[in-house]
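Worksheet: the structure to be examined is printed underneath.
The values are calculated or read from the model by the stated rules, or taken from the named source; none is laboratory data. Computed from a predicted structure; not experimentally measured. As a convention, Cβ positions derive from the backbone with ideal geometry for all residues, glycine included, and neighbour counts pool all protein chains shown.
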């Protein structure tokens, strides 16, 4: 049987570090074949990132170092994946399911005439090839898709795959993309924005605490922040809480916000409309605290507490603090 190479596009931060989803992308690739990483970085940033990719299981790493990376949107990544895919005969390509990732996937699909599966929550291999899993209709059902021919391009939802590949010493192969096509969008100006936070990133957090309209105010939403800090959790919010001004848009979990798949999701004062459930229903365990016993969130909760969040949560926080002291 021939080796089934699976490409994983691994975005690199300006610091030279891989994004947090790298281990998951390579772990998913290992489920269906041999993981091969693809990195596109500014000059001088590739070596460290390639070594990290090996630590996460990439048996080989294709590297592009180019000055245009910092001034051109997504085109260098698509070019690198096309070149690397042809070099190893990739059966599938895994890409993060974020704004840039979906753009890269679309470009790659057109360039290679390949099938594309978006917002995938799992992968496996059957007798005919790679199969992608999708959580659909507000996470009410799980479906599968597979290409009838050629390779499959997959955008993977962060936090959905638990498998991790063993570390290896990767073979590093450098690529030269040459001159980019003239239609590539250019970055005219870039200003980094650094936010100091001890909380984990919402998309990749193992535990998420989310607050809803039931918290009543910005001051009330601080209770969700306090519980998140006590648990070392990511912080989220319902659309109702965001619309009311309790939390910024970046924290919104749901159909029109961020999709999360943590080990534990704690919903505080969230009614649980289907649009919110679409963004968190794939969490492994859901705990809901709400004073309305008819709230839809209780339909999907593994543990439901009917009560006032301002009475229940402070007791929970005190218990956590007592155990950690």
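Screening 57, 37, 44, 20 for residues that are part of a loop (DSSP other than H, G, I, E, B) and at pLDDT 95 or above leaves exactly one candidate, 57. Looking across segment 43-84, just one residue is more than 22 Å from the chain's Cα centre (by Cα), free of Cβ contacts under 8 Å to residues at least 40 places away in the same chain and under 19 Å from residue 154 (Cβ atoms), and that is 82. If only residues of segment 293-325 that are touching a strand residue (DSSP E or B) at 6+ places or on another chain (Cβ under 8 Å) and part of a loop (DSSP other than H, G, I, E, B) are counted, the one that is surrounded by the most Cβ atoms within 10 Å (Cβ to Cβ) is 295.
Inclusion of residue 69 among residues that are surrounded by fewer than 17 Cβ atoms within 10 Å (Cβ to Cβ) and in the same structural domain as residue 153 (by TED's automatic domain parsing) is not warranted. Of all residues in segment 261-271, exactly one satisfies the criterion of being more than 17 Å from the chain's Cα centre (by Cα) and surrounded by fewer than 23 Cβ atoms within 10 Å (Cβ to Cβ), namely 271. Within segment 153-176, the only residue that satisfies the criterion of being over 19 Å from the mean Cα position of the chain (by Cα), in a strand (DSSP E or B) and buried (at least 16 other Cβ atoms within 10 Å of the Cβ) is 172. The set of residues in segment 217-238 that are surrounded by 21 or more Cβ atoms within 10 Å (Cβ to Cβ) and either in the same structural domain as residue 134 (by TED's automatic domain parsing) or out of contact with any helix residue (DSSP H, G or I) (no Cβ under 8 Å at 6 or more places or on another chain) (or both) contains only 228. From the list 210, 241, the one residue that fits, being touching a residue at least 12 places away in the same chain (Cβ under 8 Å), surrounded by 24 or more Cβ atoms within 10 Å (Cβ to Cβ) and in a helix (DSSP H, G or I), is 241. So is residue 57 in the same structural domain as residue 162 (by TED's automatic domain parsing), on the phi > 0 side of the Ramachandran plot and crowded, with 24+ Cβ neighbours inside 10 Å or not? Taking the combined requirement at face value, the residue satisfies it. When the test is whether a residue is in contact (Cβ under 8 Å) with a residue 40 or more places away in the chain and surrounded by fewer than 20 Cβ atoms within 10 Å (Cβ to Cβ), residue 31 passes it. Scanning segment 85-96 for residues that are touching a residue at least 40 places away in the same chain (Cβ under 8 Å) and surrounded by fewer than 22 Cβ atoms within 10 Å (Cβ to Cβ) yields a total of 3.
Note on segment 105-124: residues that are touching a strand residue (DSSP E or B) at 6+ places or on another chain (Cβ under 7 Å) and surrounded by fewer than 16 Cβ atoms within 10 Å (Cβ to Cβ) amount to 1. What residue, of 279, 257, is buried (at least 23 other Cβ atoms within 10 Å of the Cβ), within 19 Å of residue 136 (Cα to Cα), assigned by TED's automatic domain parsing to the domain that holds residue 221 and at pLDDT below 95? The match here is 279.
Selection of segment 282-299 for residues being in contact with a helix residue (DSSP H, G or I) (Cβ under 9 Å, 6 or more places away or on another chain) and under 20 Å from residue 162 (Cβ atoms) yields only 286.
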